[in-house]
1. Scanning segment 18-70 for residues that are aliphatic (A, V, I, L, M) and closer than 14 Å to Phe115 by Cα, which turns out surrounded by the fewest Cβ atoms within 10 Å (Cβ to Cβ)?
2. How about segment 268-298: which of its residues are farther than 16 Å from Gly204 by Cβ and touching a residue at least 40 places away in the same chain (Cβ under 8 Å)?
3. For segment 293-310, does any single residue satisfy the condition of being under 24 Å from Val229 (Cα atoms) and surrounded by 17 or more Cβ atoms within 10 Å (Cβ to Cβ)?
4. Determine whether Glu160 is surrounded by fewer than 15 Cβ atoms within 10 Å (Cβ to Cβ), charged (D, E, K, R), closer than 30 Å to Pro237 by Cβ and under 20 Å from the mean Cα position of the chain (by Cα).
5. Which of the following residues is of a type in the set (Val, Ile, Thr), out of contact with any Pro (no Cβ under 8 Å at 6 or more places or on another chain) and under 15 Å from Val87 (Cα atoms): Thr171, Thr108, Thr140?
6. So, in segment 71-129, of the ones that are surrounded by fewer than 21 Cβ atoms within 10 Å (Cβ to Cβ) and among the aromatic types (Phe, Trp, Tyr), which residue ends up farthest from Lys16 (Cα to Cα)?
7. Would you call Ser91 over 26 Å from Ala186 (Cα atoms) and touching a residue at least 60 places away in the same chain (Cβ under 8 Å)?
Amino acid sequence: MLFTENSKSIIAGDLKKFNEIFSTAFQSEESLLKKALSYLTPQRGKQIRPVLVILSAKICGDITPISHYLASAFELLHCASLIHDDVVDNSEQRRNRPSLNAIFDNKTSVLVGDFLMAKSANFVYKIGDLEFLNIINELTSQIVEGEMFQSEHAHNFLTEADYYKIISRKTAALFSVCTKSGAISANANEQQIKALAEFGENFGMCFQIKDDIFDYTTKNIGKPTFNDVQEGKITLPLLYSCEQANEKENDRIYDIINKDKINEHDKSFITKFLKKYNGIKYAETKMNFYKEKAVENLEIFPDSPEKKMLLEVLNFAVEREF
């Protein structure tokens, strides 16, 4: 559970305003686009990013309509990036349903992703502040650079520093922008903005490491187990294990990540390999390291319902089962 019911009531009104704005982006008179958007509409997800925008604004002062537009813009950008990721990775499943590209095709999916990115930029444009336009433009560049860097290093071994570079750009950057922009929208001071931007960054690192751990487990997360391995991506649990392993074992891993399709024997080998070298445990240790840093980022703020909720979201990110 993301929040207790008592906690959620504190931001219920703001989430309602966010959803009213967010929903307007999924409307079109063009028939194919309308069908595709209708398919996406029920897939609202956990809405963690808009929640972070709202809480970051409220912990700094009075929330404004700007906060609601920012929350909508960043959630749309997230949705668009997922659609594009599924096309790039040839993924056929998203949140326990066929992905958009599996139902329609890659061309349609890319165009739908582009449409949502345009709507995201339009929401920021309506705010009328160049600072937020610059923020979202820089963020979009970071996400693309992270994706390109990951693609460049697919089907090969990474350094741990390269891994952190990828997840910082692809995942943590968006969380950091959510918390930073939320603070700015509430006229926060520089210390508060810096603290919340760093909180979002550390939160995002936790969130992505947890996702990468899931890829080697049987948890119900809405995508096939070993999906990253199938795509030639070596994430932290496997990366650490490879650093501890011998040459023969690493040769086997290299062969697996360069296969067109991995089989049950490959999955069994990786599972035993991770257990032998404590790859999952190491990743969990790193995840908790970033969690502790995120907790420290909030120390400048006095106790409040909003601070408590931010910590609840952080705990959810590391303890979730999906």
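The values are calculated or read from the model by the stated rules, or taken from the named source; none is laboratory data. Note that the coordinates shown come from a computational prediction; the quantities given were computed from them, not determined experimentally. Ideal geometry is used to build each Cβ from the backbone, glycine not excepted, and the neighbour counts take in all protein chains shown.
1. So, considering only residues that are aliphatic (A, V, I, L, M) and closer than 14 Å to Phe115 by Cα, the one surrounded by the fewest Cβ atoms within 10 Å (Cβ to Cβ) is Leu32.
2. Result: Ile270, Thr271, Leu274, Gly279, Ile280, Tyr282, Glu284.
3. No; the residues of segment 293-310 include none that is under 24 Å from Val229 (Cα atoms) and surrounded by 17 or more Cβ atoms within 10 Å (Cβ to Cβ).
4. In short, yes.
5. Thr108
6. The selected residue is Phe104.
7. The answer is yes for Ser91.
Quick grid of which residues meet (1) of a type in the set (Gly, Ala, Ser); (2) part of a helix (DSSP H, G or I); (3) within 18 Å of the chain's Cα centre (by Cα); (4) more than 30 Å from Glu243 (Cα to Cα):
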residue: Asp86; (1), (2), (3), (4): no, yes, yes, no
residue: Met117; (1), (2), (3), (4): no, yes, yes, yes
residue: Ala121; (1), (2), (3), (4): yes, yes, no, yes
residue: Val124; (1), (2), (3), (4): no, yes, no, yes
